[in-house]
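Worksheet: one structure, shown below.
What follows is calculated from the coordinates using simple rules that are stated; it is not laboratory data. Just so it is clear, the model here is predicted, and its values are computed rather than measured. Neighbour counts run over all protein chains shown; Cβ positions are idealised from the backbone, glycine included.
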Amino acid sequence: MTGQQGARLRALTDTLRRVIAGQEAAIELVLTGLLAGGHVLIEDVPGVGKTTLAKALARALDLSFARVQCTPDLLPTDILGSNVLDPRDGSFAFRPGPVFTNVLLVDETNRASPRTQSGLLEAMNERQVTVDGVTRELTAPFFVIATQNPVDFQGTFPLPVAQLDRFLLRVRLGYPPETEELRVVTERRLADPLLAVTPVLDAAGLLAAQAEVRAVHVSDAVARYALALVRATRHSPDLELGISTRGALMFYRAAQAQAYLRGRDHVSPADLQTLAGPLLGHRVILSSEARYAGRDSGAVIDALVATIPVPL
């Protein structure tokens, strides 16, 4: 990381921290997902800053932003776009949907039908959209932040495994510490800090940083450690479905991005341990015995991490 690039990333982090108080770990995960070229699913209760974080990120990066509010009657064309008839000459013209942006917020994504959810798969994985047989490239960078409420199940459709696998990380914000929450409720009486956000990095700078992330060194020992963590999920009696090869590749790239964000030119085992829960937890399926025992995927992943020898 160049000195100028590092200063810009620190400024970006500081900007988000001023807007979303007391959420340093979550902000780091979101930026890790962005630098790795992936997408992020934020799963938490309403009112903890999910939408604000997405807006602040787009403003701080001087990127275009669009929001989709998911409902059961939302159609794929409402997100991707459609061909519209011009009655004057009988021709059709493509009207792009909100997916043609840099930062796309898909709010309450589990309220959309499976058909609509699947409409995002191509966009998220291949950075392109196919409508009526015509494929159109999306503008780089393209970053999806999706949200869902884990405590409200009425009128929702659980995300299928294939959809979850497109999200690099699953992030939970939680409530801020008491001192930070007090600062939020007192300072925001006068002004919304989101309005004061100014660009600290642009699209070209972000794309350059994403390219530099791929050059972060991963030793053979650390790569084998990452693969050992992945393969352990495939043999755990607590899991019916372990991590795929694509998940292993995402694990590798996310670790590079986190090391880069922390100012290092190499990945350490600690990077993989930090990312194991947010990256692996939503890609596994618990066994019936584990569910009946009241265990969750995070606890299972943590237990597996504790059993794998850490390379020196």
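Observations
- Here the Karplus relation 6.51 cos²θ - 1.76 cosθ + 1.60, evaluated at θ = phi - 60°, turns the backbone of the range 177-193 into coupling constants of x, 4, 5, 5, 5, 5, 5, 5, 6, 8, 6, 7, 5, 9, 7, 8, x Hz, with x for every Gly and Pro.
- HIS282 sits among other residues whose Cβ lies under 12 Å from its own Cβ, and their net charge, with Lys and Arg +1 and Asp and Glu -1, is +1.
- Per residue, the average separation of C-alpha pairs within less than 8 Å and at least 6 apart gives the chain a relative contact order of 23 percent.
- Length-normalised contact order for the range 1-89 - Cα pairs under 8 Å, 6+ apart - percent: 25
- Cut-off 12 Å between beta-carbons: net charge of the residues surrounding LEU12, Lys and Arg +1, Asp and Glu -1: +1
- Highest to lowest packing among 191-204, 70-83, 15-28, scored as the average C-beta count within 10 Å: 15-28, 70-83, 191-204
- Using the rule -39500 (n - 2.57) for each DSSP H run of four or more residues, divided by the residues of the chain, the 222 nm mean residue ellipticity is -13500 deg cm²/dmol.
- FRET efficiency for the pair HIS266 and ARG88, taken as 1/(1 + (r/R0)^6) with r the Cβ-Cβ distance and R0 = 45 Å, rounds to 0.15.
- Contact order relative to length of the range 191-264, as percent, for alpha carbon pairs under 8 angstrom and 6 or more apart: 34
- Taking every alpha-carbon pair in the chain and binning the separations at 20 Å intervals from zero gives 31, 58, 11, 0 percent.
- Each Lys or Arg adds one and each Asp or Glu subtracts one; over the other residues with Cβ under 15 Å from the Cβ of ALA208, this totals -1.
- Scattering profile of the range 1-129 at q = 0.13, 0.18, 0.19, 0.22 Å⁻¹ [log10 I(q)/I(0), Debye over alpha-carbon scatterers]: -0.64, -1.06, -1.14, -1.38
- Prolate is the label for the range 216-307, because the ratio a/c of its alpha-carbon gyration tensor axes (a ≥ b ≥ c) is 1.5 or higher and a/b is greater than b/c.
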